[in-house]
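The structure under discussion appears below in the form of structure tokens.
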Amino acid sequence: MTLSSANIDVAIALPVYNTFTYSVPENLAALVSVGKRVLVPFGRRRVTGYILGDSQDNYHKDLKAILDVLDEKPLFPASMIPFFKWVADYYLHPIGDVIKTALPGGLNLYDFVTLAVTKKGEQILYADKKAATPLENEILNLLKIKPLRRKDLGRSLKQDVSNALIYDLERRGLIVGKRKLKGQTVKAKMERYVALPGSDVAFKKLSGAGKKIMAAVKDEGEISVQKLKALVPSAPRIIHSLEKSGYIKILQKKVYRDPFGEPIRSDTTHILTGEQQHAVSKVLGLLGQGFATCLLTGVTGSGKTEVYLHLAAEAVQRGLCVLVLVPEIALISQMERRFRARFGECVAVLHSGLSAGERYDQWLRIARQEVTIAIGARSAIFAPFADIGIIIVDEEHDTSYKQDSGLRYNARDLAVVRAKLHNCVALLGSATPSIQSYYNVTKTKFTQVTLKERVEQRPMPEITVVDLRKYRDTRGIRRFITPRLHTAIKETLEHNKQVLLFLNRRGFASYPVCGACGEAIRCKNCDISLTLHQGARAYKCHYCGFTLAAASNCLSCGSNKIRLLGLGTEKVEAAVKALFPDARVARMDRDTTVRKGSILKILKGLRNQTIDILVGTQMVAKGHDFPNITLVGIICADLSLNFPDFRAGERTFQLLAQVSGRAGRGKVPGRVILQTYNPDHFSILSATDQDFEKFYNQEIHFRKSLNYPPFARMVQLKISGKNKEKTRQHALAIGDLCHALLKNDATFLKYVQVLGPIEAALPRVAKHFRWQILLKGLKVGPLHRFLQQILFENRAKISSRSIKVIADVDPFFMM
């Protein structure tokens with residue numbers, strides 16, 4: 001979108017809430033368009049900005065001019081600007097930072113100041129050290145070795161360096177600050193190609209290798225040096241002499257990095273079941289008719305992915321784009337394989353598992369309209385499509401769609417918002433839908449589409465509940481691998497089938513305790529016990545990353561008698577290997593999937609049946625389709641039930657129903673052994689019956705009686721600081737401010753409720769003391785106005801250099 005005005009509206013890639021007007025010099029006017037990055041002066045700095053459109057401000061004559069246009073083509077279409085503005089407004093986040101979050105990392109330029117010693121400063125060091133204080137002499141000595149940024153100078157001195165001292169040294173001419181541009185670590189990949197300079201090149205006199213190279217170039221027209229090397233290993237050396245002799249020319253071309261890896265066989269369209277056909281027809285009836293949101297519910301294994309594929313095919317045929325969101329990177333590979341097999345090269349992927357360069361290339365493919373389908377995790381909601389036909393959110397209930405740092409958005413909710421702004425269809429799919437989404441169905445905001453049967457009329461797995469209270473006094477392995485589970489694993493292996501063992505806790509021992517004094521081995525930075533990771537030979541904190549050697553003694557009394565209580569996936573893996581020494585056992589959790597490609601390797605092992613037993617956390621519970629898994633063992637179903645969170649029951653039900661659904665997805669019926677200390681809890685009973693409506697009908701009454709979502713909106717104010725008492729006082733002061741504002745406004749008093757301030761469930765994490773205030777609103781308008789008054793009209797009382805206050809809109813993580 002080319003701009004007509006001499007002034008443009010720019011969002012700055014910094015935490016500032018407004019947009020800014022800049023003038024455009026004549027020499028850059030032809031290059032300016034919406035969606036491009038520009039380098040602009042901002043105060044004393046030069047920073048990256050994003051062009052949002054023509055500015056309405058044509059009255060200021062002393063506007064600063066942009067310095068440069070950084071992109072050849074726009075990084076996002078003009079149609080995304082209203083979406084960015086909506087996100088910024090709803091989540092109370094700076095719009096420049098919203099766009100920065102949306103774009104691939106490593107693109108932005110910014111400048112910084114390095115401090116260097118002057119000749120006058122060096123003279124003082126050599127001739128007159130008394131002209132400077134000891135600290136000033138120390139600073140001059142460090143800057144003489146090499147120029148430093150101010151924060152690096154402070155680190156080297158191991159103390160804070162005040163602005164006043166730096167300004168004084170600059171004023172006296174002893175040091176000088178120099179501004180340098182830094183950033184844009186990600187750029188287009190360039191690759192060498194070889195081509196013929198003309199059509200009548202003779203090469204009969206060349207050597208055998210030279211002739212082979214020339215024949216390949218003549219056949220291809222243009223061929224990469226990398227491809228030539230596969231044909232002729234010495235090609236990189238020979239092509240230079242061929243170029244000098246005029247036989248060929250060597251070019252530099254922009255190429256895309258390949259994130260996909262191995263090629264995939266093409267797939268043909270499958271014949272739909274009656275239920276699938278009805279679901280597809282119902283959604284297709286809405287496609288192209290404006291905004292609509294559908295909730296596709298169905299039992300696990302009912303073929304929701306095939307429904308997605310048919311809908312995507314129809315949208316692409318109509319010239320529309322398709323955006324598919326998947327909660328975990330582990331699931332993207334499976335979804336990506338299915339879509340690439342059906343649609344080939346018109347599929348792009350976006351997720352954090354890609355390298356920065358791969359992500360940048362995939363983004364450009366979408367922005368340049370070279371692909372029509374994008375698949376990715378939550379950040380893919382920002383994929384730069386201009387003309388979307390349908391947005392599909394698989395496993396819409398999953399909490400992974402909520403970002404818990406920086407811009408705290410929920411990709412599932414944004415999918416509905418973006419569909420509304422693009423006037424297209426949002427399709428949310430899940431076997432265990434969120435309470436929020438199903439409530440919207442009951443209120444006719446969403447249209448429900450249902451798949452009640454598994455494909456090929458396969459039966460649902462038979463679920464057997466084992467009461468762990470009966471094994472409370474059992475010692476060792478048998479306490480969590482009960483006789484019923486042990487027998488089931490043995491029988492499954494004897495039939496050459498696969499086993500999935502689920503425990504939503506990683507590590508070896510989750511609660512190491514001193515046998516002498518009874519004190520837990522705790523993190524020094526957080527109010528929580530460490531977890532022993534035997535493979536790493538270390539105790540680790542899962543919140544701040546603090547580690548302690550496994551050979552360490554008790555931190556309280558010095559005893560070496562550490563009892564390794566509690567369990568995790570690592571302990572289960574070790575136990576299974578001891579019980580079934582001939583079985584091929586693998587583990588899938590965050591510890592085993594850190595390296596790039598590790599997730600794909602495990603999934604490939606399951607697919608190729610080189611893994612007999614897979615032990616894993618919730619990563620294994622979601623959406624995977626492996627027909628040879630006939631047994632699922634849930635080691636302990638209760639781990640998430642007792643969290644101090646009103647969604648604990650919902651998450652437990654969803655997790656148990658989802659992991660149970662991994663069993664029996666092939667021709668052989670599946671079974672599930674569900675071990676629990678709470679066999680009578682309604683979440684456990686509903687999951688055992690695979691009955692979502694039974695769970696919903698009980699849970700919704702609890703939510704309504706306490707005015708929790710979906711009957712109210714929530715915002716959590718998170719207050720944290722390193723000083724315990726200052727953090728407490730600041731939290732209490734903000735609480736007083738909230739209660740005073742509530743009393744002075746009748747609308748707020750009617751629609752907004754303030755709970756707290758109160759110390760967080762985990763009072764200290766990463767050396768920061770934590771408090772929280774929960775705001776509940778019966779209507780979203782008054783709640784957001786209340787929050788804006790608190791944060792923006794009382795900024796002097798809220799902001800503090802030593803204490804951080806974050807507003808988390810629609811929070812998921814209450815700890």
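Some points to look at:
- Judged by the mean number of other Cβ atoms found within 10 Å, the most tightly packed of the peptides 393-399, 419-425, 317-323, 439-445 leads the ranking 393-399, 419-425, 317-323, 439-445.
- A crude spin-label estimate for the pair Lys180 and Cys517, with each label 7 Å from Cα along the Cβ direction, gives 4.9 nm.
- Taking 7 Å steps out from each Cα toward its Cβ at Asp62 and Lys227 produces label points 5.9 nm apart.
- Antiparallel bridges, percent of DSSP beta bridges restricted to the chain (to nearest 5): 60
- Remark: the stretch 219-230, residue by residue, has Karplus-estimated 3J(HN,Hα) of 5, 8, x, 9, 9, 6, 4, 4, 5, 4, 4, 5 Hz, where x stands for each Gly or Pro and the curve is 6.51 cos²θ - 1.76 cosθ + 1.60 at θ = phi - 60°.
- Karplus 3J(HN,Hα) series, Hz, for the stretch 244-250 with 6.51 cos²θ - 1.76 cosθ + 1.60 (x for Gly, Pro): 4, 7, x, 6, 9, 10, 9
- Apportionment of accessible area to carbon and sulfur, the stretch 233-386, percent (1.4 Å): 51
- Reducing the stretch 32-98 and the stretch 471-521 to their Cα centroids gives an inter-centroid distance of 55 Å.
- Mean-position separation - Cα centroids, the stretch 437-461 and the stretch 131-174, in angstrom: 66
- A protection proxy built from the mean count of other Cβ atoms within 10 Å ranks the segments 648-657, 575-584, most packed first, as 648-657, 575-584.
- Summing +1 for each Lys or Arg and -1 for each Asp or Glu among the other residues whose beta-carbon sits under 12 angstrom from that of Gln498 gives +4.
- For the stretch 598-748, the solvent-accessible area with a 1.4 angstrom probe is 40 square angstrom per residue.
- Helical contribution to [θ] at 222 nm, DSSP H n ≥ 4, -39,500 (n - 2.57), averaged over the chain, rounded to 500: -9500 deg cm²/dmol
- Listed pairs Lys85/Lys304; Lys130/Lys724; Lys724/Lys776 exceeding 30 Å between Cα atoms: Lys85/Lys304; Lys130/Lys724
- Recomputing semi-axes √(5λ) of the Cα gyration tensor in Å from the coordinates shown identifies the correct label among (i) 45, 40, 32; (ii) 44, 30, 27; (iii) 72, 32, 22 as (i).
- For a label point 7 Å along the Cα-to-beta-carbon line of Lys470, residues of the stretch 657-684 with backbone N under 16 Å: 673-680
- Theoretical gain in end-to-end length, Arg584 to Ala356 [0.36 nm per residue, Cα-Cα removed]: 78.6 nm
- Packing-based order for 275-282, 235-242, 554-561, using average beta carbon neighbours within 10 Å, highest first: 275-282, 235-242, 554-561
- The portion of the accessible surface of the stretch 656-815 made up by carbon and sulfur, rounded to a whole percent, is 52 (1.4 Å probe; DNA, RNA and ligands excluded).
- If the chain linking Gln788 and Asp152 were pulled fully straight, counting 0.36 nm for each residue of separation and taking away their Cα-Cα distance, it would gain 225.3 nm.
- For the stretch 24-92, with all protein chains in place and a probe radius of 1.4 Å, 51% of the accessible heavy-atom surface sits on carbon or sulfur.
- Applying a 4.7 Å cutoff between beta carbons, the unpaired cysteines of the chain are Cys294, Cys321, Cys346, Cys424, Cys544, Cys636, Cys738.
- Two-site FRET efficiency, Thr487 against Ala648, from Cβ-Cβ distance with R₀ of 25 Å, rounded to 0.05: 0.20
- Placing +1 on the Cβ of every Lys and Arg and -1 on the Cβ of every Asp and Glu, with no other charges, gives the stretch 711-815 a dipole of roughly 320 debye about its Cα centre.
- Taken as Cα centroids, the stretch 687-746 and the stretch 532-593 sit 35 Å apart, rounded to the nearest whole angstrom.
- Straight-line cross-link reach from Lys490 at under 28 Å between alpha-carbon atoms covers these lysines, not counting any fewer than eight positions away in the same chain: Lys470, Lys571, Lys577, Lys601, Lys604, Lys622, Lys667.
The values are calculated or read from the model by the stated rules, or taken from the named source; none is laboratory data. Treat the numbers as computed from the prediction; the structure is a model and nothing was measured. Glycine also receives a Cβ, built like all others from the backbone with ideal geometry; neighbour counts cover every protein chain displayed. The area values use the complete protein model at the heavy-atom level, side chains included, leaving out ligands, DNA and RNA. Shrake-Rupley method; radii C 1.70, N 1.55, O 1.52, S 1.80 Å.
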